[in-house]
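J.: I'd like to ask some things about the structure below.
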Amino acid sequence: DAKTTQPPSMDCAEGRAANLPCNHSTISGNEYVYWYRQIHSQGPQYIIHGLKNNETNEMASLIITEDRKSSTLILPHATLRDTAVYYCIVRPLQYTTSGTYKYIFGTGTRLKVLA
Amino acid sequence: EAQVTQNPRYLITVTGKKLTVTCSQNMNHEYMSWYRQDPGLGLRQIYYSMNVEVTDKGDVPEGYKVSRKEKRNFPLILESPSPNQTSLYFCASRSQQGNEQFFGPGTRLTVL
């Protein structure tokens with residue numbers, strides 16, 4: 001399974017765009033990039049995922065480089081409520097032989113949005 | 001309301017005293033999973049289940065058991081808890097073809 005590397009922490013001013021990078025240089029062609037976030041010690045919350053095209057939803061945008069070795073999660077107008085730990089995860093498209101697949105969470109990026 | 005529930009939310013126990021943390025989801029999801037979260041180590045998967053009576057080990061299964069007798073429930077069993085199992089535990093579920101995992105609120109376990 002591909003591993004991800006993220007900066008341990010970042011700050012962002014309220015109202016500005018927060019750009020969170022993720023390196024997944026060993027990603028294979030059949031692996032998705034997923035982003036989750038965790039506020040305080042609550043359960044992680046799904047944000048967005050993609051394979052190779054850029055994706056956007058109501059929460060965020062995901063930009064994946066052409067070689068797929070890295071990606072950036074963009075929160076276009078960060079608010080104080082976006083302060084959280086953000087996890088970048090890769091997981092295979094295909095099920096494992098047991099019929100499912102593992103999620104491998106790293107230690108994430110602690111984003112602090114400053115007033 | 002679609003949700004994953006866990007009980008108890010907080011538990012303090014002693015070494016060797018068997019305990020069960022329950023997890024239940026009301027979304028008819030096939031896939032369920034248990035994670036533990038420790039400072040500096042992120043979230044690590046303990047066990048997962050693809051459907052009733054189908055379970056498999058995650059990355060840190062030692063010292064844990066699970067069962068999946070009903071689709072909605074996926075209890076985590078610690079037969080003989082030890083202090084190194086002190087952690088924050090999360091249960092999660094998703095549909096078989098779904099992309100999004102739904103997480104429970106967490107159970108903070110302390111083993112003395």
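FYI, it's all coordinate maths here, none of it is from the lab. Owing to the predicted nature of the structure, the values given are computational and were not obtained by experimental measurement. Methodologically, a virtual Cβ is constructed for each residue, glycine included, from the backbone with ideal geometry; neighbour enumeration extends over all protein chains shown.
J.: Report the Cys residues of chain A lacking a disulfide-compatible partner, meaning no second Cys Cβ under 4.7 Å from their Cβ.
T.: A:Cys12
J.: Taking the beta-carbon count within 10 Å as an exposure proxy, list B:Phe90, A:Phe105 from fewest neighbours to most.
T.: By the 10 Å Cβ count, ascending, the order reads A:Phe105, B:Phe90.
J.: Got a sec? How would B:Asp38, B:Asp59, A:Asp82, A:Asp67 order by Cβ neighbour count within 10 Å, fewest to most? Can you show the working numbers first?
T.: Details: B:Asp38 13, B:Asp59 16, A:Asp82 19, A:Asp67 9.
Neighbour counts put them in this order, fewest first: A:Asp67, B:Asp38, B:Asp59, A:Asp82.
J.: Okay, moving on. Out of the trypsin sites (Lys or Arg not before Pro) in segment A:32-94, which ones are loop residues according to DSSP with at most 16 other C-beta atoms within 10 Å?
T.: Filter output for segment A:32-94: A:Lys52, A:Lys69.
J.: So between B:Leu41 and B:Thr86, what do we pick up on full extension, going 0.36 nm a residue minus the alpha carbon distance?
T.: 14.9 nm
J.: I'd like the Karplus ³J(HN,Hα) series for segment A:103-115: coefficients 6.51, -1.76, 1.60, θ = phi - 60°, whole numbers in Hz, and an x wherever there's a Gly or Pro.
T.: Per residue, the Karplus-derived 3J(HN,Hα) values read 9, 10, 8, x, 9, x, 10, 8, 9, 10, 9, 9, 5 Hz.
J.: With θ set to phi - 60° and the Karplus curve 6.51 cos²θ - 1.76 cosθ + 1.60, what are the ³J(HN,Hα) couplings of segment A:33-44 in order, to the nearest whole Hz, using x for Gly and Pro?
T.: So the J values, rounded to whole Hz, are 10, 10, 10, 10, 9, 9, 9, 6, 10, 6, x, x.
J.: With label points built 7 Å along Cα→Cβ from the Cα atoms of A:Arg110 and A:Leu80, find their separation and express it in nm.
T.: 1.9 nm
J.: With label points built 7 Å along Cα→Cβ from the Cα atoms of B:Tyr10 and A:Ser25, find their separation and express it in nm.
T.: With each label point 7 Å from Cα toward Cβ, the separation is 4.4 nm.
J.: Which FRET efficiency value, to the nearest 0.05, is calculated for B:Gln96 and A:Asp67 with the Förster distance at 45 angstrom and r the Cβ-Cβ distance? It would help to have the intermediate numbers written out before the result.
T.: Numbers: r = 31 Å, r/R0 = 0.69.
Efficiency, from the Cβ-Cβ distance: 0.90.
J.: Here is a further query. Enumerate the calculated ³J(HN,Hα) couplings along segment B:62-72 in order (Karplus 6.51 cos²θ - 1.76 cosθ + 1.60, θ = phi - 60°), each rounded to whole Hz, writing x wherever the residue is Gly or Pro.
T.: My calculation for segment B:62-72 gives 4, x, 10, 9, 9, 8, 9, 8, 10, 5, 7 Hz in order.
J.: Order of A:Met10, B:Met50 from fewest to most other C-beta atoms within 10 Å? Write out the running numbers ahead of the final one.
T.: Numbers: A:Met10 16, B:Met50 20.
Fewest-to-most Cβ neighbours within 10 Å comes out as A:Met10, B:Met50.
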